[in-house]
Amino acid sequence: MPVRVARAEAPRAYEDFLLPKWKGKMWLNEDDIEWYATSVRDHGQGKGSQFMRRLAQQDLRLLAETPSWLSNSCAPANFR
């Protein structure tokens, strides 16, 4: 089951997902290409690709599809 994070402790920027405290604690739908596209759009090809490589080292849990218990209990990250 997901763990709720206090608003004060929640990531405030994309780079916050690279902090050691989030390693192994994040889920991503394997078909969710928007993360990569957004990273490249917001940071440019070089920096965006570098971010995604570092994010991949955070031991993301990839899901074939998002279970209802996860999608109903977690807010998506949005840093615009």
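For the reader, a short list of remarks on this structure follows.
- Environment charge of residue 5, counting only residues whose C-beta is closer than 12 Å and scoring Lys/Arg +1, Asp/Glu -1: +3
- Estimated distance in nm for a label pair at residue 10 and residue 63, the labels positioned 7 Å out from Cα along Cα-to-Cβ: 1.7
None of the figures in this text is laboratory data; all of them are computed from the coordinates on show. In this text, all values refer to a predicted model and were calculated from it rather than measured experimentally. As a convention, Cβ positions derive from the backbone with ideal geometry for all residues, glycine included, and neighbour counts pool all protein chains shown.
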